[in-house]
Amino acid sequence: MPTDRVLHEEKTFKVTALRQGTVIDHLRSGTGLRVLQVLGLSQEGTVAIGLNLESSKLGHKDLIKIENRELTKEEVNKISLLSPEATLSIIRDFKVVSKLRPQLAGMIEGVLRCLNPACITNHEQVKTRFKTLERSPLRMRCVYCELAIPEQEIELL
Ligand code: ZN
């Protein structure tokens, strides 16, 4: 990693170096706490969160560092729904071993709530299923009732 990058990171968010775990970066400002909720805090390692940090890319951003944890596919999908620009870095032995910007899956199951009160998923024990129509801005369509949900109305289960 180039020195100027390191200095920049230290200036913007100096909480703790991570030996092992995941850094979720470039979260939209205001989504960090929601993402933490989604991930749950019932785990052993340290969790560090930075809110409303300065970002050259986004203006402001949130950032989360989670020790001793790599995310499941479902968790990554949820993060993509809350904050499509998020990047994930996997850290091992203080080094970034992989960095990715997850792309939301084409079909999302059991994560989103359908906003149509008459939809079967709001009345019966049916797992919700949404097709990803567009990724930026997000548009998701319920497979059962065909309601399209725009990004600003998305609700996670
Ligand atoms: Zn529906």
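Overview of results
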| item | result |
| --- | --- |
| Qualifying residue in segment 61-76 (condition: closer than 18 Å to A17 by Cβ and touching a Lys or Arg at 6+ places or on another chain (Cβ under 8 Å)) | yes |
| Flag for I79 being crowded, with 19+ Cβ neighbours inside 10 Å and either in a strand (DSSP E or B) or within 16 Å of the ligand (Cβ to nearest atom) (or both) | no |
| Residue in segment 91-100 that is β-branched (V, I, T), open to solvent by 20 Å² or more (accessible area, probe 1.4 Å), more than 19 Å from L39 (Cβ to Cβ) and in contact with a Cys (Cβ under 8 Å, 6 or more places away or on another chain) present | no |
| Candidate set from segment 101-148 (those that are closer than 27 Å to K57 by Cα and either near the ligand (Cβ under 9 Å from one of its atoms) or among the polar types (S, T, N, Q) (or both)); member that is least open to solvent (accessible area, probe 1.4 Å) | T132 |
| Single condition T72 does not satisfy, out of (1) open to solvent by 80 Å² or more (accessible area, probe 1.4 Å); (2) within 16 Å of the chain's Cα centre (by Cα) | (1) |
| Any chance L33 is surrounded by fewer than 16 Cβ atoms within 10 Å (Cβ to Cβ), over 26 Å from F94 (Cβ atoms) and modelled with pLDDT of 90 or more | yes |
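The values are calculated or read from the model by the stated rules, or taken from the named source; none is laboratory data. All values derive from a computational prediction rather than experimental measurement. Backbone-built Cβ (ideal geometry, glycine too); neighbour counts: all protein chains shown. Accessible surface is based on the protein model in full, side chains and every heavy atom, while ligands, DNA and RNA are left aside. Shrake-Rupley method; radii C 1.70, N 1.55, O 1.52, S 1.80 Å.
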